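Bear in mind that the values in this text are calculations on the coordinates, not laboratory data. Computed from a predicted model, the values in this text were never measured in an experiment. Note that each Cβ is placed from the backbone with ideal geometry, even for glycine, and that neighbours are counted across all protein chains shown.
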Amino acid sequence: ILGRYQLEKPLGRGAMGTVYLGKDAKLNRLVAIKTLPLSQEFDSEQLPEATVRFFQEASAAGRLKHSNIVSIYDAGEEQNLAYISMEFFKGGTLVPYTQTDNLLPIATVINIIILMAEALDYAHSHGVIHRDIKPANIMYNPATNKVKITDFGIARITDANRTRTGIVLGTPSYMSPEQLAAKKIDGRSDLFSLGVMFYQLLSGVLPFESDSLTTLMFKIANEPHKDISETGSKIPNCIKQVVDIVLSKERKYRYQSGTQFAIALRDCNKFEEGIK
C-alpha cells in the first residue's frame with residue numbers, strides 16, 4: 001500500500017523507478033503509479049530541493065488536461081519513495097513500432113504525430129516543456145488508435161542529478177542540439193525530439209546514430225541528419241520536407257509551435273492524396 005493506493009502489479013520499469021497498476025481505494029478506480037526513489041538518486045544535501053522540485057513538476061503536469069496527455073491525479077511521498085498516480089492507459093508504448101519489420105502505415109504515423117504535436121502545443125502554451133519525448137513515453141493502443149504522452153516533468157526532476165551520473169536517461173538520440181548543449185530550452189526542443197521520433201517511426205532507423213556517445217552528440221549538434229528518402233522507406237516528398245524542417249539544428253528554422261508542425265502534416269495529407 002502506498003498512500004491511499006493498493007499496488008496490484010508492476011507494469012514496467014524505467015530509468016527512474018517502476019510503474020505499477022494500482023487501485024485508488026477512495027475512488028475505486030484503477031490508476032498507474034510511478035514510483036521515484038529520490039533518496040537513492042540524490043544525496044542528503046540535494047534531497048530536500050529534489051523533493052520540492054518533484055512536487056512542483058507534478059503539480060505543473062497535473063494542471064494539463066488534454067485528451068492526448070496522460071492525466072496526473074495526485075503526487076505523494078512515503079518512506080523516501082515519491083510517487084505519482086495517473087490515469088491508467090490500456091495499451092503499450094510506441095517502441096515496438098520503431099522496428100523495421102513492424103512499422104505502422106505512414107498515414108497512421110502521420111496521424112499520431114499530428115495528435116502529439118497538438119498536445120505539445122497545448123502543454124507549451126501552459127508553460128510546461130516535456131524534455132524527454134521519445135517512443136517509450138508515448139502510449140498507444142492499436143485497437144482504439146488512442147495515443148497519449150506520458151511522463152511530463154519527470155525529466156526535469158532528474159535533470160539536476162545528471163551531472164553526477166552523466167546523461168542518465170538512456171541514449172540522448174532524441175535530444176535537441178540545444179538540450180545537449182545544456183542551454184535554456186523551450187517548446188521547440190520538444191518538437192525536435194518529436195521529429196526524431198517521426199523519422200524513426202517512418203523508417204525504422206534513427207536520424208543520428210553512433211556507437212560512441214560523444215560522436216552521437218557531435219552528430220546531433222553539427223552534422224545533417226541522414227536523408228530519410230535514403231533509408232529505404234518510400235516517403236512522400238512533402239513528408240521529407242517536413243522532417244527536414246523539424247530537424248533543423250537552429251530552432252528559429254524549425255516549426256515554431258506544435259500547431260505549425262501539425263498544420264504542415266495536414267497540408268501534406270491534402271497535397272499527397274491517398275497517403276497510405
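Span-like helix criteria (full DSSP H runs; alpha carbon extent of at least 15 Å along the helix axis; mean Kyte-Doolittle hydropathy of at least -1.0) are satisfied in the chain by 47-62, 106-125, 187-203, 258-271. The three principal axes of the Cα atoms in the stretch 5-87 give end-to-end lengths of 38, 27, 24 Å, sorted in falling order. For the options G232, G17, G91, a Gaussian network treatment of the chain with springs between C-alpha atoms closer than 10 Å singles out G232 as fluctuating the most. Relative contact order of the chain, taken over Cα pairs closer than 8 Å and 6 or more residues apart, is 16 percent.
For E49 and R63, the difference between the fully extended length at 0.36 nm per residue and the C-alpha to C-alpha distance is 2.9 nm. The alpha carbons of the stretch 212-276 occupy a box of 42, 29, 13 Å along the principal axes, longest dimension given first. Under a model in which nothing but the beta-carbon of Lys, Arg (+1) and Asp, Glu (-1) is charged, the stretch 5-87 shows a dipole of about 500 debye around its Cα centre. In a simple Cβ point-charge model (Lys, Arg +1; Asp, Glu -1; nothing else charged), the chain has a dipole of about 500 debye relative to its Cα centre.
Only Lys, Arg, Asp and Glu carry charge here, each on its Cβ (+1 for the first two, -1 for the last two); on that basis the stretch 1-158 has a dipole of about 560 debye about its Cα centre. Put in line by how crowded their Cβ is, counting other Cβ atoms within 10 Å and starting with the fewest, F42, F88 read F88, F42. With unit charges on the beta carbons (Lys and Arg positive, Asp and Glu negative) and the dipole taken about the Cα centre of the chain, which residue among S210, S85, L36 sits farthest to the positive side? It is S85, whose Cα lies furthest towards the positive end.
Amide H to amide H distances under 5 Å link R4 with no residue, where only residues 5 or more positions off or on other chains count and H is placed in the peptide plane. If both residues of a DSSP beta bridge must be in the chain, then about 95% of such bridges are antiparallel. Across the chain, Cα-Cα distances exceeding 33 Å account for 21% of all pairs.
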